[in-house]
Amino acid sequence: LAKTTQPISMDSYEGQEVNITCSHNNIATNDYITWYQQFPSQGPRFIIQGYKTKVTNEVASLFIPADRKSSTLSLPRVSLSDTAVYYCLVGGSWGKLQFGAGTQVVVTP
Amino acid sequence: EAQVTQNPRYLITVTGKKLTVTCSQNMNHEYMSWYRQDPGLGLRQIYYSMNVEVTDKGDVPEGYKVSRKEKRNFPLILESPSPNQTSLYFCASSRYRTGDKNIQYFGAGTRLSVL
């Protein structure tokens, strides 16, 4: 399984762009990179998934370099409601799934 | 509405008293999984199931049992709970295909306290 490493926390102001990088040096060929958002006392919620290059949806963008050893989740123009824990998940080739420890993002006015 | 339902949401019990946390999904997903979440440790997988009658250990299976007799249900069983199993538990489901398996739908969580 690819072990993932993320920053423990990040602070931002409203309206700024937040970029969270996840390192996954031993990612397997068939592994996908998936990001989740979690609010206190709720289950994690899927945000975005990618395999290579760039993926964008209405919530975020995901940048994956050619070597796929890292990925960056980009949240454009964050608001207070984006304060949450963000998890990177790398896997899919096998049955077991292993989440990282998560990044606490705090957005202030 | 597509959902994963866990019960109970909150549970306080005593050491050694067997308990079961139920999980049910209505999306016809093949893959189901249990996680525990503790402060500073993120989400750790306890057990997972790739289909009916197919289960396997995650990273922290000790002290837990599961069964998958029906596709929609995946109960978590604590035969003899101990205080170190006090935690927030999540059930999740997804399709079992490369890529799809990572897109997990989570339940609302069960907060368990073992005294």
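The values are calculated or read from the model by the stated rules, or taken from the named source; none is laboratory data. Given the structure is predicted, the values throughout are model-derived calculations rather than measurements. No Cβ is skipped: glycine too gets one built from the backbone with ideal geometry, and neighbour counts run over all protein chains shown. Ligands, DNA and RNA are stripped out before the accessible areas are found, and what is left, the full protein with its side chains, is counted by its heavy atoms. Shrake-Rupley method; radii C 1.70, N 1.55, O 1.52, S 1.80 Å.
Filter the range B:14-48 for residues that are open to solvent by less than 20 Å² (accessible area, probe 1.4 Å) and at positive phi and give the result.
B:Gly42
Of all residues being surrounded by fewer than 17 Cβ atoms within 10 Å (Cβ to Cβ) and charged (D, E, K, R) in the range B:96-105, which is modelled with the highest pLDDT? Just the residue, please.
Across the range B:96-105, the extreme among qualifying residues is B:Asp100.
Starting from the range B:12-32, take each residue that is within 14 Å of chain A (Cβ to nearest Cβ) and list its partners that are among the aromatic types (Phe, Trp, Tyr) and assigned to a loop (DSSP other than H, G, I, E, B), counting only C-beta distances under 6 angstrom and pairs at least six apart or across chains.
B:Cys23/B:Phe74; B:Glu30/B:Tyr96; B:Tyr31/B:Tyr96; B:Met32/B:Phe74
Hey, does the range A:56-77 have a residue that's within 29 Å of B:Gln6 (Cα to Cα) and not in a loop (DSSP other than H, G, I, E, B)?
no
Evaluate the following for A:Gln37: is it surrounded by 15 or more Cβ atoms within 10 Å (Cβ to Cβ) and within 25 Å of B:Tyr96 (Cβ to Cβ)?
Spelling it out, A:Gln37 is indeed surrounded by 15 or more Cβ atoms within 10 Å (Cβ to Cβ) and within 25 Å of B:Tyr96 (Cβ to Cβ).
Tell me which of these B:Leu115 doesn't satisfy, since it passes every other one: (1) at the interface with chain A (Cβ under 10 Å from one of its Cβ atoms); (2) more than 13 Å from the chain's Cα centre (by Cα).
(1)
In the range A:1-15, which residue that is in contact with a Leu (Cβ under 9 Å, 6 or more places away or on another chain) and assigned to a loop (DSSP other than H, G, I, E, B) is least open to solvent (accessible area, probe 1.4 Å)?
A:Thr4
What number of residues within the range A:45-82 satisfy the criterion of being within 14 Å of chain B (Cβ to nearest Cβ) and open to solvent by 80 Å² or more (accessible area, probe 1.4 Å)?
Final tally of qualifying residues: 2.
Need pairs with beta-carbon distance below 9 Å; first residue on the phi > 0 side of the Ramachandran plot and within the range A:29-51, second open to solvent by 10 Å² or more (accessible area, probe 1.4 Å); sequence gap 6+ or separate chains.
What qualifies is A:Ser41/B:Leu88; A:Ser41/B:Ala108; A:Ser41/B:Arg111.
How many of the residues making up the range B:50-93 are surrounded by fewer than 17 Cβ atoms within 10 Å (Cβ to Cβ) and in contact with a helix residue (DSSP H, G or I) (Cβ under 7 Å, 6 or more places away or on another chain)?
1
Of these, B:Ser82, B:Ser67, B:Ser94, which one is within 11 Å of chain A (Cβ to nearest Cβ) and hydroxyl-bearing (Ser, Thr, Tyr)?
After applying the criteria, what remains is B:Ser94.
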